[in-house]
Amino acid sequence: MSDKDKRDELMEEMALAVKTIDKIVDESKGRLDSLENTTVKKASDAAAKAIEDLQTLETKVNAQEERQKDIELELSKKDGEPEEDLISKEYSKELNTYFRKNVAPSHEVIEKAARFVVETKMFAASPDMIEREVKDMVTGVGPDGGYFITPDRMPGFKTRLFETSPIRGEADIQSSSSTTYEIILDDDEAACGWVGEITARPKTDTAQIGKVIIPMHEIYANPRASQKQLDNAGFNLEQFINNKSIDKISRTENTAFVSGDGSQKPKGFLTYSDWTTAGTYERDAVEQVDGTDSTAGISSNDLITLQNTLHDPYQANAVFGMARLTFSEIMKFKGTDGHYLLDRNMLLNSADRRLLGKRIVIMSDMPALATSSLSVIYGNFKDFYTIVDGIGVRILRDPYTAKPYVQFYTTKNTGGAVSNFEAAKILKSNTVV
C-alpha cells in the first residue's frame with residue numbers, strides 16, 4: 001500500500017470516529033430530553049442512567065482521543081524519519097495531555113522518552129550507566145513531571161592520562177621530505193706508529209666512513225563519527241577525535257623508538273645486538289653491561305658500573321632511562337645500617353629526580369625487571385638516537401566514503417634509529433628470584 005493510500009485510509013478512520021462520538025452525544029441528549037415527561041421517580045432513575053451513560057461516554061471519548069492521537073502520529077510520520085524523532089513527538093503529545101487534563105503519560109512512553117533523553121544528553125555513556133539513569137527517571141520519581149528533569153553534565157572531561165616514553169625530549173630531531181634519511185657516520189680512526197729518524201714509513205690505515213640510513217614509515221588512524229553526532233554533541237567533537245588520534249600516534253611512535261623492530265616502524269634502541277666483545281666498539285650494535293645481582297635483578301653496584309662504562313665525552317648530558325617499577329626498586333636500596341641510600345624527597349619530585357648525579361627519565365616502554373631484561377639505559381640521547389619527521393601530522397576529513405559517517409584519516413611519516421653506537425649503554429639484569 002502506498003503512503004497516499006495509507007494516509008487516506010487513516011483519514012477515513014478518523015472521520016468515522018468523529019461520527020461515532022457525535023452519535024453517542026445525540027443519544028444522550030435524547031434521553032435527557034425525555035426526562036421532562038416522566039414522574040419524579042422515573043426522572044431520578046433516568047438521571048442515574050444518564051449519569052452512567054455519560055461516564056461510559058467519557059470513557060469512550062478518552063479511548064477515541066487516544067486512537068485519534070495515534071492516527072495523528074502516523075499521519076505526521078515522514079518517510080525515513082528517525083525513530084528518536086517519533087519518540088520525541090509522542091513524548092510531546094503525552095506531555096500536552098498531562099498538562100491540559102492531568103492525565104499521566106503511559107509507562108511505555110515515559111520509558112521511551114526517558115531513554116531518548118538520557119542517550120541524547122549522556123554522550124558516550126556506557127550501557128550500564130544509561131540503564132541506571134533511565135530506571136531512575138522512570139521509577140524513581142512520581143508522575144508530577146519530575147522525571148522530565150534531565151541530568152546535568154560537567155563542562156570538559158575527566159581524562160585518563162597515559163604514560164609514555166618521552167624520547168623526543170631527549171633525542172636528536174631532524175626533518176625530511178624524502179623516503180629515507182642518511183647520516184654519515186665518522187666512527188673509525190686512522191692508524192699511526194712510532195718510527196726512528198731514518199726508518200721507513202709505510203702506508204698506515206685510513207679512517208673509514210660509515211653511513212646510517214633511516215627509512216621513513218607511515219603511521220595512521222582513521223576514526224569516524226556520524227554527521228548527527230558532530231552536529232549535536234554539544235562540544236567540538238571533531239577536535240576531540242583529532243586530538244585523541246594524535247595522542248595515540250605520539251605514544252605509539254614512542255614505543256617504537258624504544259622497542260620497534262624496524263619493520264614498517266622505527267628501529268628501537270633495545271633491538272640492536274650486543275657488542276661481540278665487551279668494551280670493543282662495534283657498528284650497528286649497542287653495548288649491554290651485565291648485571292651481577294642475583295636476587296632483585298639490579299643493584300647499586302650495577303648502576304655504578306653502567307654509568308662508568310660510558311666514555312667521558314658523552315657524560316655531560318647523559319641521563320638514566322627506565323620504567324617506573326624499576327625506578328621504585330632503586331628507591332628501595334638500603335645501606336648496611338638499614339637507611340635508604342637515596343634522598344626520597346628529591347626522587348619523588350620529577351623535576352629533581354636524579355641518580356648518581358644524573359637526571360632520570362621515566363620511559364614506560366622499557367621492560368620490567370626480569371631474567372636478562374634490558375631494564376635500564378644510560379647515555380647521551382642527543383648523540384645516541386635520531387628521530388626523523390616528515391611534514392607533520394596530516395588529517396583528511398572525509399564525509400563521502402562512508403556516509404552517513406565522517407572519517408578523519410590521520411597520517412604521519414616518521415623514522416628513528418641509533419646514530420651513535422657508543423653514546424649509550426644498556427644494563428642487562430641478572431636473575432630475578
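The values are calculated or read from the model by the stated rules, or taken from the named source; none is laboratory data. These figures come from a predicted structure and were not determined experimentally. For neighbour counting, all protein chains shown are included, and Cβ atoms are generated from backbone atoms with ideal geometry for every residue, glycine included.
Please indicate, with yes or no, whether at least one residue in segment 404-421 is under 18 Å from residue 260 (Cα atoms), touching a residue at least 12 places away in the same chain (Cβ under 8 Å), part of a loop (DSSP other than H, G, I, E, B) and hydrophobic (A, V, I, L, M, F, W, C). Outline the logic, then answer.
At the first step, the residues of segment 404-421 found to be under 18 Å from residue 260 (Cα atoms) are 412-421.
Checking which are touching a residue at least 12 places away in the same chain (Cβ under 8 Å) leaves us with 412-421.
Still in the running and part of a loop (DSSP other than H, G, I, E, B): 419-421.
Next, from what is left, pick out any that are hydrophobic (A, V, I, L, M, F, W, C): 421.
Taking every residue of segment 404-421 in turn, at least one turns out to be under 18 Å from residue 260 (Cα atoms), touching a residue at least 12 places away in the same chain (Cβ under 8 Å), part of a loop (DSSP other than H, G, I, E, B) and hydrophobic (A, V, I, L, M, F, W, C).
Could you go through segment 389-400 and let me know if any residue there is at pLDDT 90 or above, buried (at least 19 other Cβ atoms within 10 Å of the Cβ) and either in a strand (DSSP E or B) or touching a strand residue (DSSP E or B) at 6+ places or on another chain (Cβ under 8 Å) (or both).
The answer is yes, given that some residue of segment 389-400 is at pLDDT 90 or above, buried (at least 19 other Cβ atoms within 10 Å of the Cβ) and either in a strand (DSSP E or B) or touching a strand residue (DSSP E or B) at 6+ places or on another chain (Cβ under 8 Å) (or both).
Give the residues of segment 280-295 that are modelled with pLDDT under 90 and out of contact with any helix residue (DSSP H, G or I) (no Cβ under 7 Å at 6 or more places or on another chain), sorted by residue number.
Step one: list which residues in segment 280-295 are modelled with pLDDT under 90, which gives 291-295.
Within segment 280-295, 294, 295 meet the criteria.
I'm trying to understand the selection: among the residues of segment 155-203, which are in a loop (DSSP other than H, G, I, E, B), closer than 30 Å to residue 359 by Cβ and of a type in the set (A, V, I, L, M, F, W, C)? Step through it out loud before you land on a result.
First pass over segment 155-203, keeping only residues in a loop (DSSP other than H, G, I, E, B): 155-166, 170-171, 176-179, 186-203.
After this cut, where a residue has to be closer than 30 Å to residue 359 by Cβ as well, the list is 159-166, 170-171, 176, 186-187.
Selection gives 161, 162, 171.
Quick check on segment 305-319: of everything there that is of a type outside the set (S, T, N, Q) and touching a strand residue (DSSP E or B) at 6+ places or on another chain (Cβ under 8 Å), which residue is surrounded by the most Cβ atoms within 10 Å (Cβ to Cβ)? Break it down into steps so the answer makes sense when it comes.
Filtering segment 305-319 for residues of a type outside the set (S, T, N, Q) gives 306, 310-314, 316, 318-319.
Imposing the further condition that a residue be touching a strand residue (DSSP E or B) at 6+ places or on another chain (Cβ under 8 Å) reduces the set to 306, 310, 314, 318-319.
Working: 306: 24, 310: 20, 314: 20, 318: 22, 319: 18.
Ranking the qualifying residues of segment 305-319, first place goes to 306.
Do we find that residue 282 is acidic (Asp, Glu) and crowded, with 18+ Cβ neighbours inside 10 Å in this structure? Reasoning before the result, please.
Details: acidic (Asp, Glu): yes; crowded, with 18+ Cβ neighbours inside 10 Å: no.
No, not satisfied.
For every residue, the table says whether it meets (1) in contact with a helix residue (DSSP H, G or I) (Cβ under 6 Å, 6 or more places away or on another chain); (2) touching a residue at least 24 places away in the same chain (Cβ under 8 Å).
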| site | (1), (2) |
| --- | --- |
| 242 | no, yes |
| 263 | no, no |
| 268 | yes, yes |
| 297 | no, yes |
| 309 | no, yes |
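Which members of segment 232-258 meet the condition of being touching a Leu at 6+ places or on another chain (Cβ under 7 Å) and at pLDDT below 95? Please lay out each step first, then the result.
Looking only at segment 232-258, we keep the residues that are touching a Leu at 6+ places or on another chain (Cβ under 7 Å), and these are 237-238, 258.
Scanning segment 232-258 gives 237, 238.
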